[in-house]
Amino acid sequence: MSVPRSRTHGFVGKHNLMDITTRVPLLIRVPGLRSGYTTSIAELVDVYPTICDICRLPCPTEQLDGKSLLPILKKGGKTTTKRLAYIQWQGGDNILTRRYNYARWPDSGHEMLFDHQSDAPENHNRAGEASYNRIKKELETEMKHIRRFAFRSH
């Protein structure tokens with residue numbers, strides 16, 4: 001599939017926190033389930049609990065950050081299991097929702113906020129716009145909560 005140049009920003013490789021570079025293909029085939037497509041948010045940490053669920057194996061959920069994707073697979077992609085994904089790269093933290101992509105680098109104070117409803121290609125950083133302060137604060141709060149949980153001692 002060809003991606004329009006404006007969507008790629010001219011990047012080659014996965015070396016930033018923009019939406020186009022944080023995505024990876026995820027294909028799951030389960031005998032007995034119909035094929036389908038979904039735009040549901042999923043993370044690679046969801047693969048292990050999904051395999052456990054499909055194979056009816058015990059899953060150590062208290063040790064995992066992922067959620068089983070089996071509900072999505074059973075409903076042909078017409079449901080969701082998560083409302084956001086967390087990504088970290090080069091000291092930057094990233095929260096991706098269906099509508100927003102927010103990235104922040106604590107050491108430098110740099111941040112990016114893209115509104116996919118009005119700017120799917122992520123060409124306009126809205127982080128400095130007052131009209132986005134409320135959503136930025138909500139995503140920052142979510143990010144702090146996830147960081148506290150994701151980097152806990154097991």
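Quick check, is Asp46 at pLDDT 85 or above and in contact with a Cys (Cβ under 9 Å, 6 or more places away or on another chain)?
It is false that Asp46 is at pLDDT 85 or above and in contact with a Cys (Cβ under 9 Å, 6 or more places away or on another chain).
Per-residue answers, yes or no, for (1) open to solvent by 50 Å² or more (accessible area, probe 1.4 Å); (2) assigned to a helix (DSSP H, G or I); (3) in contact with a strand residue (DSSP E or B) (Cβ under 6 Å, 6 or more places away or on another chain):
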{"position": "Glu122", "(1), (2), (3)": "no, no, yes"}
{"position": "Lys137", "(1), (2), (3)": "yes, yes, no"}
{"position": "Glu140", "(1), (2), (3)": "no, yes, no"}
{"position": "Arg148", "(1), (2), (3)": "yes, yes, no"}
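Exactly one of (1) over 17 Å from the mean Cα position of the chain (by Cα); (2) modelled with pLDDT of 90 or more; (3) among the basic types (Lys, Arg) is unmet by Lys67. Its number?
Here Lys67 meets the rest and fails (1).
Looking at Arg126, is it basic (Lys, Arg) and either assigned to a strand (DSSP E or B) or closer than 25 Å to Val24 by Cβ (or both)?
no
The values are calculated or read from the model by the stated rules, or taken from the named source; none is laboratory data. None of these values were measured; they are calculated from a predicted model. Backbone-built Cβ (ideal geometry, glycine too); neighbour counts: all protein chains shown. Each accessible area value is taken on the protein alone, full model and side chains, heavy atoms only, with ligands, DNA and RNA left out. Shrake-Rupley method; radii C 1.70, N 1.55, O 1.52, S 1.80 Å.
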